[in-house]
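Trainee: What follows is a single structure, and I will ask about it in a moment.
Values in this text are rule-based calculations from the coordinates and carry no lab data. These numbers were taken from a predicted model, which means no experiment stands behind them. Don't worry about glycine lacking a Cβ; one is built from the backbone with ideal geometry, like all the others, and counts go over all protein chains shown.
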Amino acid sequence: MDTTDENKILVILTGSTYPKIRNSIGDFDSWIKQRCYDLWSKWETQKIEDVKPDSITEYAGIILTGSHHTLTKKFHYLSRAEHILDTIVDQEIPTFGICFGHQLINKLFGGKIVRSPSGMEIGVVDIQLTLEGMSDRWFINSNTGKIKVYSCHHDIVIDPGVGMVQLAWNNSSIYQATAYEGFIRTVQFHPEFYKPILKAYIKKNIDKLKKQFSTPLHQVTSIQKTVDVKRELPMADDALINFVKYVRKFNSEE
């Protein structure tokens, strides 16, 4: 696809991965670009504290990354994020939120974020699409409505933002994915992850997980599945890939 300087996809870094992981296999933005480079060649990354909300109208689409921050405490850039979302909604800019980005968008729409009572969800997990999720051609293409994804998070959305529609759920998080109108989609899981990234996260958090005696059996099992799986999950990145396809179609029609 031939793109101009005016229609890059902007990746907003809401935070970074652990320094050791970043130094060895990259950061959230680089993983997103690796997953999607064949579909879209022009990208730009900005830290959320550097984003000028009025300038985002020049981008073809926006992706808000994961982060190690929590919205159960004060987030220093919440006001800036609110101005960014105001511009996104006003201009109907195609937008995709991942993990913390999912939580942030829901919070800004009036939703509620809490620490998960079942503890950290990490590993290969099953999610179930809702009817809305199955009928959204720009989300995940599944005939059964049930897929396996890579997950790594402490917090969950327990009350979605106003106007947010549930696209997917599981027993750990009732709002595994949400959407707003036709141009915003968000996911709790990590479609940009691949196996080495998740293994690095498990290794980094293994001591914490051992102390997490309240970890449900299905979460322990999901961690073991990550070790056992021999190949990448076939549909784990569908939500991200389909979002970029949506951006391409959206911009070709303008």
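Trainee: Place a point 7 Å from the Cα of residue 174 along the Cα-to-Cβ direction; which residues of the range 88-124 have their backbone N under 17 Å from it?
Mentor: Correct set: 103, 106-107, 110-119.
Trainee: How big is the charge dipole of the range 5-252 about its Cα centre, in debye rounded to the nearest 20, if each Lys and Arg gets +1 on its Cβ and each Asp and Glu gets -1 on its Cβ? Can you show the working numbers first?
Mentor: Values: 31 positive and 27 negative charges, 243 e Å.
Here the size comes out at about 1160 debye.
Trainee: Determine the gain in length on full extension of the stretch residue 154-residue 181; use 0.36 nm per residue of separation and subtract their C-alpha separation, reporting nm with one decimal. Please report the intermediate quantities before stating the final value.
Mentor: Working: separation 27, 0.36 × 27 = 9.72 nm, distance 2.72 nm.
Roughly 7.0 nm would be gained on extension.
Trainee: Given contacts defined as C-alpha pairs under 8 Å and at least six residues apart, what's the relative contact order of the chain, whole-number percent? Display every interim value, and only then the final one.
Mentor: Values: 490 pairs, mean separation 51.3, N = 254.
Computed over the chain, the figure is 20 percent.
Trainee: May I ask what percent, to the nearest 5, of DSSP beta bridges between residues of the chain are antiparallel?
Mentor: Values: 22 of 38 bridges.
Close to 60 percent.
Trainee: Still on this structure, please answer the following. Taking the range 111-157, which trypsin sites (Lys or Arg not before Pro) meet the DSSP loop condition and have no more than 14 other C-beta atoms within 10 Å? It would help to have the intermediate numbers written out before the result.
Mentor: Numbers: sites: 112, 115, 137, 146, 148; in loops: 137.
Hits after loop and neighbour filter: 137.
Trainee: Report, please, the projected area of the range 5-252 averaged over directions, based on the convex hull of its C-alpha atoms, in nm².
Mentor: On the way: hull surface 50.5 nm².
Projected area, direction-averaged: 12.6 nm².
Trainee: Arrange 76, 154 by Cβ neighbour counts within 10 Å, fewest through most, would you?
Mentor: 76, 154
Trainee: Put +1 on the Cβ of every Lys and Arg and -1 on every Asp and Glu Cβ in the chain; which of 122, 60, 85 then has its Cα farthest towards the positive end of the dipole?
Mentor: 122
Trainee: Per-residue ellipticity at 222 nm for the chain, helices alone: DSSP H runs ≥ 4 residues times -39500 (n - 2.57), over residue total, nearest 500 deg cm²/dmol? Walk me through the numbers before you get to the answer.
Mentor: Numbers: 8 runs with 88 residues, N = 254.
Value at 222 nm, helices only: -10500 deg cm²/dmol.
Trainee: With a length cut of 15 Å (Cα positions projected on each helix's long axis) and a Kyte-Doolittle mean of at least -1.0, go through the chain and give me the DSSP H helices that pass. Kindly include the intermediate steps, with their values, before the conclusion.
Mentor: Values: long enough: 78-91 (20 Å, -0.04); 195-211 (24 Å, -0.84); 217-228 (16 Å, -0.26); 238-252 (21 Å, -0.05).
Span-like helices here: 78-91, 195-211, 217-228, 238-252.
Trainee: OK, next. Residue separation times 0.36 nm, minus the C-alpha to C-alpha distance between residue 72 and residue 41: what's the value? All intermediate terms of the calculation are to be shown ahead of the outcome.
Mentor: On the way: separation 31, 0.36 × 31 = 11.16 nm, distance 3.58 nm.
Working it through step by step, the gained length comes to 7.6 nm.
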